[in-house]
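Below: the structure, in structure tokens.
The values are calculated or read from the model by the stated rules, or taken from the named source; none is laboratory data. Computed from a predicted structure; not experimentally measured. As a convention, Cβ positions derive from the backbone with ideal geometry for all residues, glycine included, and neighbour counts pool all protein chains shown. These area figures cover heavy atoms from the full protein model, side chains too; ligands, DNA and RNA do not enter into them. Shrake-Rupley method; radii C 1.70, N 1.55, O 1.52, S 1.80 Å.
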Amino acid sequence: MEITEFVETLRLDGGLLADAADEAGPDAPVPTCPDWRMRDLVRHVGTVHRWVTGLVTEPQEQRRPIPELPELADDELVPWLREGHHHLVLALHTAPADLRTWTFLPAPSPLAFWARRQAYETSVHRADAQQAAGVALTPLPARFAADGIDELLRGFHAGDRSRVRPETPGTLRLRADDTPGAEWTVHLTPDGPPRTERHDSPLAADATADCTVEGPAEELYLALWNRLPWDGLKVSGDPSLPALWRERGAI
């Protein structure tokens, strides 16, 4: 996907997140983040948006600490969220293509990294906010969701911090059935983080895997982020591997 596509998705989802936060109210519990109320979600997202804006507009070679969460009156929360989101979108839209600033996952460029990362950060938390508000989830484009699966599997869970480690090795096959080239084999081991291969064409039906999970890219993406239950996905094989992901896959 192009940087401009990520920035546009960020723009749309940030607005939807703020709308849902406004509708739900600051005291609404966030069912997908049981320790949070809506005000906690808003403060988190708004702080991250401002942190990344600083990394884009004032490039840094080293990681800049995320600021302390602000103390805001309830009626200040949503306007503050909208303001920070607007400045982030503007910063990414106007940043030079050769931007050099700190990142934490491999990417074609720092600008590509932060546009992609903030689009997915915001889409996941938009789903949190809409579920807290009790409104229907706004659909995500299948291609965007499939790329988000790739970021999660081959980015976040490729690192040593991943806790998805079974007692015995196993392989988990994931397939987005509405998106060409969206199939992954995740090799799970007790001794290290998962190792994921992406397949550009469908594997043979008899290709070996201990468990296969199939479904639309959006549902698979949100399930892997523990934002939707796995009940709507087709699971065949060893059910302990999806259960392990649900238990230990949080970032």
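See the values below:
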item	result
Close pairs from the range 219-242: first in contact (Cβ under 8 Å) with a residue 40 or more places away in the chain and of a type in the set (D, E), partner open to solvent by less than 50 Å² (accessible area, probe 1.4 Å) and in a strand (DSSP E or B), Cβ under 6 Å, at least 6 apart	D238/C211
R175 being among the basic types (K, R), out of contact with any Pro (no Cβ under 6 Å at 6 or more places or on another chain), surrounded by 19 or more Cβ atoms within 10 Å (Cβ to Cβ) and not in a helix (DSSP H, G or I)	yes
Where L105 falls short, out of the listed (1) part of a loop (DSSP other than H, G, I, E, B); (2) surrounded by 13 or more Cβ atoms within 10 Å (Cβ to Cβ); (3) more than 16 Å from the chain's Cα centre (by Cα)	(3)
Residue match in the range 239-250 (condition: surrounded by 19 or more Cβ atoms within 10 Å (Cβ to Cβ) and touching an Asp or Glu at 6+ places or on another chain (Cβ under 8 Å))	yes
Hits in the range 1-44 (condition: under 25 Å from P108 (Cα atoms) and open to solvent by less than 40 Å² (accessible area, probe 1.4 Å))	F6, V7, T9, L10, D13, G14
Complete set of residues in the range 45-76 that are under 24 Å from T103 (Cβ atoms), of a type outside the set (S, T, N, Q) and either touching a strand residue (DSSP E or B) at 6+ places or on another chain (Cβ under 7 Å) or not in a helix (DSSP H, G or I) (or both)	E58, P59, E61, R63, R64, P65, I66, P67, E68, L69
Residue within the range 126-144 that is within 30 Å of D210 (Cα to Cα), aromatic (F, W, Y) and open to solvent by 30 Å² or more (accessible area, probe 1.4 Å) present	no
Condition broken by R198, with the remaining ones in (1) within 24 Å of R117 (Cα to Cα); (2) modelled with pLDDT of 95 or more; (3) part of a strand (DSSP E or B) satisfied	(2)
So P79, is it without any contact (Cβ under 8 Å) to a residue 24 or more places away in the chain and either surrounded by fewer than 12 Cβ atoms within 10 Å (Cβ to Cβ) or outside any loop (DSSP other than H, G, I, E, B) (or both)	yes
Some residue of the range 217-235 being assigned to a helix (DSSP H, G or I), modelled with pLDDT under 95 and open to solvent by less than 50 Å² (accessible area, probe 1.4 Å)	yes
Subset of the range 153-167 that is under 13 Å from the mean Cα position of the chain (by Cα) and more than 11 Å from I251 (Cα to Cα) - its residue that is surrounded by the fewest Cβ atoms within 10 Å (Cβ to Cβ)	R154
Residue in the range 85-96 that is farther than 17 Å from D19 by Cα, surrounded by fewer than 18 Cβ atoms within 10 Å (Cβ to Cβ), more than 20 Å from the chain's Cα centre (by Cα) and in contact (Cβ under 8 Å) with a residue 40 or more places away in the chain present	yes
Within the range 45-71, considering residues that are in contact with a Phe, Trp or Tyr (Cβ under 9 Å, 6 or more places away or on another chain) and modelled with pLDDT of 95 or more, the one surrounded by the most Cβ atoms within 10 Å (Cβ to Cβ)	G46
